[in-house]
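Report on the structure given below.
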Amino acid sequence: MLAEIKGLNEECGVFGIWGHKDAAQITYYGLHSLQHRGQEGAGIVVTDGEKLTGFKGEGLVTEVFANGVDNLKGTGAIGHVRYATAGGGGYENVQPFLFRSEQGGLALAHNGNLVNASGLKHQLENQGSIFQTTSDTEVLAHLIKRSGYLELKDKVKNALTMIKGAYAFLIMTETEMMIALDPNGLRPLSIGRLGDAYVVASETCAFDAVGAQLERDVEPGELIIINGEGLKSERFSKTINRAICTMEYVYFSRPDSNVEGINVHTARKNLGKRLAIEAPVEADVVTGVPDSSISAAIGYAEASGIPYELGLIKNRYVGRTFIQPSQSLREQGVKMKLSPVRGVVEGKRVVMVDDSIVRGTTSKRIVKMLREAGATEVHVRISSPPIANPCYYGIDTSTHEELIASSHTVEEIRSIIGADSLAFLSTEGMLDAIGRKYEGEFRGQCMACFTGKYPTDIYEDTILPHEKG
């Protein structure tokens, strides 16, 4: 996946269904459509009304379930695809987690990251809890179990008020499913219908994959309970501060998904159009870095009048890992995944549109590849502002030193990557192009990685030691 070489990775994707005889099979297809959100592991837990059964493993959905899902029988299911951030790998951290007790089973799937997990885990361990994983998701299970309330929904509500950060949770017992989204709505989460069954997913593209119809987005601070009596919505938080992750529009979500009513492809085209207005340049062709930047490149070409061409090709048959036998071959990793089209770029002034620059190493290699393929000039245009601040909400950029824009000017970055010119989209341009209608400085978006303004408190134990001070 290109995300591996771009240095920007999302945490996971979740999918669930309630009230369908083929729950496991539908969840499999739903997870397959969410594969771009995580390639390190996958799992499914089903209920037949009396017991929970699960299967999970490391690898892609097709690898984990190579023998099918016929052994997972039930009418309710939750599934998960995972991208493991630093220290979070291993089979034990693959979700959904499945816990068993005398009172029954509990399955958990989570997209996001809890910023106060470390402190809560320390507190819970002091009270006798024993953790089986290094995932922050397990903290919620312990909080639910230790709650003094009698009804599960009250236990869950109480536990949710104690955790902070980004989370889209799917919680399932033998007899019901619960869906919860954090009070900032940092992660996308939608609910739909497939006949009489309810479906929930991180992205609406999963509904298209299984033939479901979108009903609505899950609201920030909302707890949805689905069981034999139907669907019920309650609130566990009255303090709402909408701040969906802007990178869902820029990079993470699939182009055919709608994120809170806005089509991702359309948003990216608009980002490219605005970029062309803010940062014009004389050139012969526009090309985008596959796949997430294609829409923005098309928008840039339309607004600038410069023809869009397929100047870079993505190799879709590269595995998740690439063994690099020696230092001299290390840079071949990018060439394994991307190839320039010499017939398109040779002798041309090229505008290379990308969605972001994280560490700068990949941009440098792509610029070099285009020049080696005969491009006379390479002008880099980025359809987002510089990423200069760490993300603590589930994106794998947790330190300033990982981010080239945190310590270099635009001109310095241009020199490092070897481009003839470099321009980023402005913050205001990004907000206008995406076009959300909410009021407030950032129109209901989290812009922390660009602005350094975080929508939640950031706890001391969330920040890595060398980042403090």
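The values are calculated or read from the model by the stated rules, or taken from the named source; none is laboratory data. These numbers were taken from a predicted model, which means no experiment stands behind them. Here the Cβ positions follow ideal geometry from the backbone for every residue, glycine too, while neighbour counts run over all protein chains shown. Accessible surface areas use protein heavy atoms only, side chains included; no ligands, DNA or RNA. Shrake-Rupley method; radii C 1.70, N 1.55, O 1.52, S 1.80 Å.
A 1.4 Å probe run over the chain, with the rest of the protein chains in place, finds 40 Å² accessible per residue. The overall shape of the chain is prolate: from the C-alpha gyration tensor, with semi-axes ordered a ≥ b ≥ c, the ratio a/c is 1.5 or greater and a/b exceeds b/c. Under the criterion of Cα pairs below 8 Å and six or more residues apart, the relative contact order for the chain equals 14 percent.
Summarising the label geometry, the points placed 7 Å from Cα in the beta-carbon direction at Glu125 and Gln35 lie 3.7 nm from one another. Highest-first packing order for the peptide set 426-437, 142-153 is 426-437, 142-153, based on the mean count of other beta carbon atoms within 10 Å. The lysines within cross-link reach of Lys157, meaning a Cα-to-Cα straight distance under 18 Å and a gap of 8 or more places when in the same chain, are Lys145, Lys232, Lys238.
Listed by chain and number, the lysines placed with their C-alpha closer than 21 angstrom to that of Lys337 are Lys6, Lys314, Lys364, Lys368; residues fewer than eight positions away on the same chain are left out. Distance from the Cα centroid of the range 82-132 to that of the range 171-207 is 20 Å (rounded to whole angstrom).
Relative to the longest principal axis of the Cα atoms of the chain, the long axis of helix 23-33 makes an angle of roughly 20 degrees. At an R0 of 25 angstrom, the distance between the Cβ atoms of Lys238 and Lys437 translates into a FRET efficiency of 0.65. Peptides 156-169, 284-297 ranked from most to least packed give 284-297, 156-169, packing being the mean of other C-beta atoms within 10 angstrom over each peptide's residues.
About its Cα centre, the chain has a charge dipole of approximately 460 debye under the convention of +1 per Lys or Arg Cβ and -1 per Asp or Glu Cβ, with nothing else charged.
Surface composition of the range 53-203: carbon and sulfur make up 49 percent of the accessible area, probe 1.4 Å.
Look at the Cα gyration tensor of the range 29-173: its axes a ≥ b ≥ c give a/c of at least 1.5 with a/b at or below b/c, and that counts as oblate.
Estimated from helical segments only, the mean residue ellipticity of the chain at 222 nm is -7000 deg cm²/dmol, where each DSSP H run of four or more residues counts as -39500 (n - 2.57). Does the range 113-171 come out rounded, prolate or oblate, given a ≥ b ≥ c as the square roots of the eigenvalues of its C-alpha gyration tensor, rounded meaning a/c under 1.5 and, failing that, prolate meaning a/b above b/c? Oblate. Ordering Pro290, Ile366, Ser384 by Cα displacement along the dipole of the chain toward the positive end leaves Ile366 in first place; charges were set at the Cβ atoms of Lys, Arg (+1) and Asp, Glu (-1). Could you name the aspartates and glutamates whose alpha carbon sits less than 16 Å from that of Lys437, not counting residues in the same chain fewer than 8 places away? Within reach: Asp217, Glu219, Glu260, Glu428. The alpha carbon centroids of the range 336-411 and the range 292-313 are separated by 15 Å.
What percent antiparallel are the DSSP beta bridges of the chain, to the nearest 5?
Details: 68 of 85 bridges.
Restricted to the chain, the bridges split so that about 80 percent are antiparallel.
Mind scanning Lys164/Lys269; Lys56/Lys153; Lys273/Lys348 and naming the pairs with a C-alpha gap bigger than 23 Å? The answer is Lys164/Lys269; Lys56/Lys153.
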